[in-house]
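The structure under discussion appears below in the form of structure tokens.
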Amino acid sequence: MPLRLHHIYHIFLMDMKQRNICTLKINTMKNKAIILNSRPEGKPKLSDFKFINEEIPEITNGEILLKIKYVSVDPYLRGRMSDAESYVKPFELKKVISSGVVAEVIESKTEKYKAGDFVSGLLEWKEYQQSDGNGLLKIDKKIAPLSAYLGILGMTGLTAFFGLTEIGVPKKGETIVVSGAAGAVGSIVGQIGKISGCRVVGIAGTDKKVEMLKSKFGFDDAINYKTTKNIQKDIAAVCPNGVDIYFDNVGGIISDGVHANINRLARIIVCGAISGYNDTSLKTGPRAEYFLIKKSALMQGFIVSNYADKFPEGIKQLAQWLKEGKLIYTETIAEGFDAIPQSFIDLFDGKNKGKMIVKI
Ligand code: NAP
């Protein structure tokens, strides 16, 4: 039997499989999309995601065709991958996943947009998609690089800004501790803390991150939670006046160590709890009520969208600080559509410094 083209293709695929290269990465697709293949149990795996091929949609009147340029991967997406009830609907199994995205308008059938415009918004993990423009924000790359609209001028910057200023209400001379300090939210919280005249201490997972917090982001001190022998004592040592504000991105035993050091009238801002996002059962720890009562402290959770009506003023302030050089930001950028699932998984191994973004 002669060797036909599809035989050669089959042999090629087998070879790729044997070499443990995902066959899905072969770029034969017209409009690649990523669906939630299975709900992760524990830490997400690549097999929880699946690449599929779709047609590039035809747009109708009032619609735009978008090509994605930058994709934000965020820890909160882990919650949407489980079917537990939360503040946002879970992703549906076998359906395309969505997150914060910057996209270019490549065709428009509405006067509101023209080809060449850039937008940001909650969009699908799909190379091309149509939209009626609702919920999208036109963005200007003259003000800041496009990726910044997913970080410092986007959801994570706003989370840092409103969490710290609205709940923490920092006062000059106070001490702020930030967990997840070298990440997208944490690195901005620390800098806003410095702008507010506070002493700022960060907690992060590598010595390099600890060094970066002090030398690049202006933190007064920082602790590596993976190498400390006693986090409670180490926090006491770097916060000689106690902790007035704790901006918590991680929860768990790191937070237990900070809670034990809070001052009277402290504010604990519960922003995230990534240390527990992959847990399969609820963990217990020291009870919060005793230190909250003893210190007349406030502990408040929040979702950034609580402040949606103030987003324009938040973006204006962040952009102003950025322009004045009072705020800086860093990004970890992965390249290519195929890198989206792994970049998301990497968040749980602390592989990012600052905002984790995939450039398409
Ligand atoms: P990020 O901090 O940029 O990335 C996640 C970081 O978490 C990793 O780099 C890693 O840094 C750390 N981490 C991972 N596993 C950990 C563990 N088991 N224990 C301690 N640290 C761990 O992410 P982000 O986007 O800025 O989000 C930070 C937190 O804020 C997340 O919990 C997120 O869900 C939350 N958040 C909440 C809102 C809201 O509206 N409430 C909005 C945005 C984000 P290390 O190397 O330091 O471990």
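Rounded to the nearest 500, what is the 222 nm mean residue ellipticity of the chain from helices alone, with -39500 (n - 2.57) per DSSP H run of 4+ residues and division by all residues?
It comes out at -7000 deg cm²/dmol, rounded to the nearest 500.
Show me, for the range 30-42, the HN-Hα J-couplings you get by feeding each phi into the Karplus relation (A = 6.51, B = -1.76, C = 1.60, θ = phi - 60°), rounded to Hz, glycine and proline as x.
Whole-Hz 3J(HN,Hα) from phi for the range 30-42: 7, 9, 6, 9, 10, 9, 7, 7, 8, 6, x, 10, x.
Arrange the peptides 228-235, 213-220, 276-283 so that the one whose residues have, on average, the most other Cβ atoms within 10 Å appears first.
Details: 228-235: 15.6, 213-220: 18.4, 276-283: 11.1.
My ranking of the peptides, most packed first, is 213-220, 228-235, 276-283.
Work out the length of the dipole vector of the chain about its Cα centre, built from +1 on the beta-carbon of each Lys and Arg and -1 on the beta-carbon of each Asp and Glu, and round it to the nearest 20 debye. Each step should come with its number before you reach the end.
Working: 49 positive and 39 negative charges, 141 e Å.
It works out to roughly 680 debye.
Give me the percent of DSSP beta bridges within the range 104-231 that run antiparallel, rounded to the nearest 5.
Details: 4 of 13 bridges.
So the antiparallel bridges in the range 104-231 amount to around 30 percent.
Give me log10 I(q)/I(0) at q = 0.08 Å⁻¹ for the chain, Debye formula, one equal scatterer per alpha-carbon, no solvent.
Once normalised to I(0) and log-transformed, intensities are -0.44.
What do you reckon, how do 311, 51, 344 stack up by accessible area (1.4 Å probe), largest on top?
Details: 311 55, 51 20, 344 0 Å².
Putting 311, 51, 344 in descending order of accessible area: 311, 51, 344.
Just by accessible area at a 1.4 angstrom probe, what is the order of 38, 343 from largest to smallest? Walk me through the numbers on the way to the answer.
Values: 38 40, 343 5 Å².
From most accessible down to least: 38, 343.
Please calculate the 1.4 Å probe accessible area of residue 83, with all protein chains present, and give it to the nearest 10 Å².
Its heavy atoms expose roughly 110 Å² to the probe.
Helix 311-323 versus the longest principal axis of the chain: what angle, 0 to 90°, nearest 10, using Cα atoms?
Roughly 80 degrees, rounded to the nearest 10.
Looking at the range 87-137, which trypsin sites (Lys or Arg not before Pro) are in a loop (DSSP not H, G, I, E or B) and have at most 10 other Cβ atoms within 10 Å? Let's see the in-between values first.
On the way: sites: 94, 95, 109, 112, 114, 126; in loops: 94, 95, 109, 112, 114.
Answer by residue number: there is no such site.
Would you rank 199, 287, 80 by solvent-accessible area, highest first, keeping every protein chain in place and using a 1.4 Å probe?
Numbers: 199 75, 287 145, 80 35 Å².
From most accessible down to least: 287, 199, 80.
Please work out the ratio of the alpha-carbon Rg of the range 89-202 to 2.2 N^0.38 Å and round it to two decimals. Don't skip to the end; give the middle numbers.
Working: Rg = 17.8 Å, N = 114, 2.2 N^0.38 = 13.3 Å.
Dividing the Cα Rg of the range 89-202 by 2.2 N^0.38 Å gives 1.34.
How many percent of Cα pairs in the range 155-323 exceed 24 Å? Before the final figure, lay out the partial values.
Numbers: 4159 of 14196 pairs.
Counting pairs separated by more than 24 Å, the tail of P(r) holds 29 percent.
Relative contact order, percent, of the chain when contacts are C-alpha pairs under 8 Å separated by at least 6 residues?
Details: 716 pairs, mean separation 56.2, N = 360.
After rounding, I find 16 percent.
Ignoring ligands, DNA and RNA, please state the percent of accessible area on the range 171-259 from carbon and sulfur, probe 1.4 Å. Write out the running numbers ahead of the final one.
Working: 1720 of 3370 Å².
Carbon and sulfur atoms account for 51 percent of the accessible area of the range 171-259.
Ignoring the sites themselves, what is the longest stretch of the chain with no GluC sites (Glu not before Pro) in a DSSP loop and at most 13 other beta-carbon atoms within 10 Å? All intermediate terms of the calculation are to be shown ahead of the outcome.
Numbers: sites that count: 41, 55, 58, 85, 92, 111, 324.
The answer is 112-323.
Enter the accessible area per residue of the range 155-323 (Å², integer; probe 1.4 Å; all protein chains in place). Don't jump to the answer; show the numbers that get you there.
Numbers: 7940 Å² over 169 residues.
Accessible area per residue: 47 Å².
Hey, can you rank 191-198, 300-307 by average C-beta count inside 10 Å, highest first?
On the way: 191-198: 20.5, 300-307: 15.5.
The peptides rank, most packed first, as 191-198, 300-307.
The values are calculated or read from the model by the stated rules, or taken from the named source; none is laboratory data. Computed from a predicted structure; not experimentally measured. Glycine also receives a Cβ, built like all others from the backbone with ideal geometry; neighbour counts cover every protein chain displayed. Protein only, heavy atoms only, side chains kept; ligands, DNA and RNA dropped before computing areas. Shrake-Rupley method; radii C 1.70, N 1.55, O 1.52, S 1.80 Å.
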